[in-house]
Amino acid sequence: MAAGALPPGQARPGRAIQSRIVEKYGYTHLSAGDLLRDERKRPGSQYGELIENYIKEGEIVPVEITISLLKRAMDQTMAANSQKNKFLIDGFPRNEDNLQGWNKTMDGKADVSFVLFFDCDNEICIGRCLERGKSSGRSDDNRESLEKRIHTYLQSTRPIIDLYERMGKVRKVDASKSVDEVFEKVVQIFDKEG
Ligand code: C5P
Ligand code: MG
């Protein structure tokens, strides 16, 4: 959900943690943001401009678009290899609309084992993303978009985390630590229940 802090000069831990989970536990990593960015740049996409506007404004794209991309990626993965039915779904659900879309589309098709909550101070997240922005080419790695993203997070995403918390589904990790320290905590969680 959120990125975290590293000493200056180090990369954000997000990607490193995701690929380590994939490697160690055999999950397929699907990032809602990546899927949306791919769709945005697909020639002929009817949603390209809409997606770009939402991303720049730090707002959450209507779930019909996001869930169809996610579902297709999941279906394709399992069609290629029926054993591959464990997914690390990253950056989703981000708001009530996302959650409703998930429940509607995935009811009886997928179990949510738990929600990994990478908790991190907002300023640290902004600092990491600004650092990433030096090379990412992302249109939302700038202070203005990042502040809008934090606003969306506090207003729309936090309540979803709280809801999963009440269902006993949230596993919280302090993401302000180093990649190794964050992964160590993640391993404890996955070893127990992943
Ligand atoms: O997670 P990531 O940083 O890749 O998300 C970038 C942007 O993609 C979000 O700020 C939002 O505009 C969009 N997004 C979305 N719905 C999601 C995930 C991402 O609209 N579930
Ligand atoms: Mg992401």
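The values are calculated or read from the model by the stated rules, or taken from the named source; none is laboratory data. Since the model is a prediction, treat every value here as computed from it, not as a measurement. Quick reminder, even Gly has a Cβ in these numbers, built from the backbone with ideal geometry, and neighbours come from all protein chains shown. Note: areas computed on protein heavy atoms with side chains; ligands, DNA, RNA excluded. Shrake-Rupley method; radii C 1.70, N 1.55, O 1.52, S 1.80 Å.
So which residues in segment 153-175 are open to solvent by 30 Å² or more (accessible area, probe 1.4 Å) and part of a helix (DSSP H, G or I), if there are any at all? First the steps, then the outcome.
Residues of segment 153-175 open to solvent by 30 Å² or more (accessible area, probe 1.4 Å): 153-156, 158-159, 162-163, 165-169, 171-172, 174.
Correct list: TYR153, LEU154, GLN155, SER156, ARG158, PRO159, ASP162, LEU163, GLU165, ARG166.
If a residue has to be out of contact with any strand residue (DSSP E or B) (no Cβ under 7 Å at 6 or more places or on another chain) and free of Cβ contacts under 8 Å to residues at least 40 places away in the same chain to count, how many in segment 166-194 make the cut?
Just the residues of segment 166-194 that are out of contact with any strand residue (DSSP E or B) (no Cβ under 7 Å at 6 or more places or on another chain), to begin with: 166-168, 176-181, 183-184, 187-188, 190-194.
With the extra rule that they be free of Cβ contacts under 8 Å to residues at least 40 places away in the same chain, the set shrinks to 166-168, 180-181, 184, 188, 191-192.
The number of residues fulfilling the criteria is 9.
For GLY44, indicate whether it is modelled with pLDDT under 95 and of a type outside the set (A, V, I, L, M).
no
Search segment 126-138 for residues being among the small types (Gly, Ala, Ser) and free of Cβ contacts under 8 Å to residues at least 24 places away in the same chain, and hand back the single one that is nearest to TYR54 (Cα to Cα).
Top of the filtered list is GLY137.
Can you confirm whether segment 91-107 contains a residue that is in a loop (DSSP other than H, G, I, E, B), in contact (Cβ under 8 Å) with a residue 24 or more places away in the chain, of a type in the set (A, V, I, L, M, F, W, C) and more than 16 Å from ligand 2 (Cβ to nearest atom)?
no
Restricting to segment 22-47, name every residue that is surrounded by 15 or more Cβ atoms within 10 Å (Cβ to Cβ) and over 30 Å from ASP191 (Cβ atoms).
Once the filter is applied, which keeps residues that are surrounded by 15 or more Cβ atoms within 10 Å (Cβ to Cβ) and over 30 Å from ASP191 (Cβ atoms), segment 22-47 yields LEU36, ARG37, GLU39, ARG40, TYR47.
Let's see how each residue does on (1) surrounded by 15 or more Cβ atoms within 10 Å (Cβ to Cβ); (2) within 24 Å of LYS56 (Cβ to Cβ):
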residue	(1), (2)
ALA79	no, no
GLU96	yes, yes
LEU130	no, yes
HIS151	no, yes
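For residues that are surrounded by 14 or more Cβ atoms within 10 Å (Cβ to Cβ) and not small (Gly, Ala, Ser), scanning just segment 132-141, find the one that is nearest to LEU99 (Cα to Cα).
Going through the qualifying residues, I end up with ASP140.
How about segment 58-95: which of its residues are under 14 Å from the mean Cα position of the chain (by Cα) and of a type in the set (S, T, N, Q)?
THR66, ASN95
Among what's in segment 108-128 and is assigned to a helix (DSSP H, G or I) and of a type outside the set (Gly, Ala, Ser), pick the residue that is surrounded by the most Cβ atoms within 10 Å (Cβ to Cβ). So that I can check it myself, show each step before the final result.
Of the residues in segment 108-128, the ones assigned to a helix (DSSP H, G or I) are 122-128.
So of that shortlist, the ones also of a type outside the set (Gly, Ala, Ser) come out as 122-126, 128.
Numbers: ASN122: 15, GLU123: 10, ILE124: 16, CYS125: 23, ILE126: 17, ARG128: 26.
The qualifying residue surrounded by the most Cβ atoms within 10 Å (Cβ to Cβ) is ARG128.
Residue pairs, Cβ under 9 Å, 6 or more apart or interchain, first in segment 139-157 and of a type in the set (S, T, N, Q), second at pLDDT below 95. List them.
That search, which allows pairs on different chains as well, returns THR157/MET1; THR157/ALA2.
Tell me, which residue of segment 1-29 that is over 18 Å from GLY133 (Cβ atoms) and touching a strand residue (DSSP E or B) at 6+ places or on another chain (Cβ under 7 Å) is modelled with the lowest pLDDT?
The selected residue is MET1.
Give the residues of segment 38-70 that are touching a residue at least 60 places away in the same chain (Cβ under 8 Å) and either within 9 Å of ligand 1 (Cβ to nearest atom) or closer than 22 Å to GLN83 by Cα (or both), sorted by residue number.
ILE55, LYS56, GLU57, GLY58, GLU59, ILE60
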